[in-house]
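The values are calculated or read from the model by the stated rules, or taken from the named source; none is laboratory data. On a predicted model such as this, the values are computed, not experimentally measured, just so you know. Glycine also receives a Cβ, built like all others from the backbone with ideal geometry; neighbour counts cover every protein chain displayed. Accessible surface areas use protein heavy atoms only, side chains included; no ligands, DNA or RNA. Shrake-Rupley method; radii C 1.70, N 1.55, O 1.52, S 1.80 Å.
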Amino acid sequence: ESQWRNFISTGENAQFPPEKNRYHLFVAYSSPWAHRTLIVLALKGLQDAISVTMVHPIWQKTRKDDAEDDHVGWIFGNENGEPLTSVNGFGGPFPPNFPGNEPDPVNDSFCIRDIYNLVDDTDGPFTVPLLWDLKGKTIVSNESSDIMRMMNSEFNDFATNADLDLYPESDRETIDQTNNWLYHTINDGVYRCGYAKCQDSYDLAIDSLTASFDLIETILQSQKYIAGNRLTEADIRLFATLFRFDEVYAIFFKTNTRSVENSPTILNYCREIYQMSSVADTCNMSQVKTHYYCSNPDLNEYSIIPLGMDFETTLKEPHNRGDLSNPEP
């Protein structure tokens, strides 16, 4: 659960006003929660206003010299570092930084945990996305939904696509309702399947997920987007899970009752979003797979990464979503 939930606001006397180059976003290509913030940043055109650092995809011990501290989490890339294995010693050797991974340019930290510790947060969870205030030297937020909305509404003076509104006031009730069932059955539903500890728990989760997957396929046959006929934050949340579904969740989390590849409407929907401005730049299936299959030794002891069927290339093929009427801007 996110503990840092300050809000950047254009309001008078705001503690965190929107300013160009004041805020820095720490994210992982592999995390769906971080991915959604990257997509909003890309769609709004905020690449020159909010700087970004990508962490290494494979969780490591964050206190290597403390045998009693067993925390594992996000570390920063280090091109001069030693090759890595998974935390149980198997897998790899993996490079100390993958393409796009960088050292921490702000605090020169070894890991994300260190940044939380800088502001006396020693309890965590030490998660990404993490939005950092460069001026105040503190954490603004680690809640992805809040970060998405801040970037959507509060940085329009610096956005190249300021007219895009992913959370329009007129549609908020529908968007909130959609977010709610998507979270419980799809976004978190894949984790409920993957980390189920008994058959009954898994059966409950997979039945719920399967029903929602079929509902999504049906909804998208008659309207262009999941909450109506305009792109909203609900689509971004959904896409981040669907992007990982076939290559990771269907295999690793046992959500194999359905697939994006075999759901024609959902597949074309994913293609449309992937092909929107700069969204493809936020997608890195290699790091997604590396993270999941090599950071969870309880589920994959030897960190073997399945080859897969190159789902990301499939997303580059033409889609038919333009055939649906889209009366709203």
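Worth pointing out:
- Enumerated helices (runs of 4 or more DSSP H) restricted to the stretch 230-319, each holding at least 3 residues that are within 13 Å of the chain's Cα centre (by Cα) and not hydroxyl-bearing (Ser, Thr, Tyr): 233-244, 285-294
- Residues in the stretch 191-220 that are polar (S, T, N, Q) and open to solvent by 60 Å² or more (accessible area, probe 1.4 Å): Gln199, Thr218.
- Restricting attention to the stretch 17-46, the residues being more than 13 Å from Asn152 (Cα to Cα) and not charged (D, E, K, R) number 15.
- Of all residues in the stretch 43-91, those that are in contact (Cβ under 8 Å) with a residue 24 or more places away in the chain, open to solvent by 10 Å² or more (accessible area, probe 1.4 Å) and of a type in the set (A, V, I, L, M) total 6.
- For the stretch 281-329, a residue qualifies if it is of a type in the set (A, V, I, L, M, F, W, C), open to solvent by 20 Å² or more (accessible area, probe 1.4 Å), in contact (Cβ under 8 Å) with a residue 24 or more places away in the chain and within 24 Å of Trp33 (Cβ to Cβ), and exactly one does: Leu299.
- Taking first residues from the stretch 170-190 that are in contact (Cβ under 8 Å) with a residue 24 or more places away in the chain and open to solvent by 60 Å² or more (accessible area, probe 1.4 Å) and partners that are of a type outside the set (A, V, I, L, M, F, W, C) and part of a helix (DSSP H, G or I), the Cβ contacts under 9 Å between residues at least 6 apart in sequence or on separate chains come to Trp181/Ser212; Tyr183/Gly189; Tyr183/Arg237; His184/Arg192; His184/Ser208; His184/Ser212.
- Residue in the stretch 240-256 that is out of contact with any helix residue (DSSP H, G or I) (no Cβ under 8 Å at 6 or more places or on another chain) and either buried (at least 23 other Cβ atoms within 10 Å of the Cβ) or not hydroxyl-bearing (Ser, Thr, Tyr) (or both) present: yes
- Filtered residue count, the stretch 225-249, keeping only those that are without any contact (Cβ under 8 Å) to a residue 60 or more places away in the chain and of a type in the set (Gly, Ala, Ser): 2
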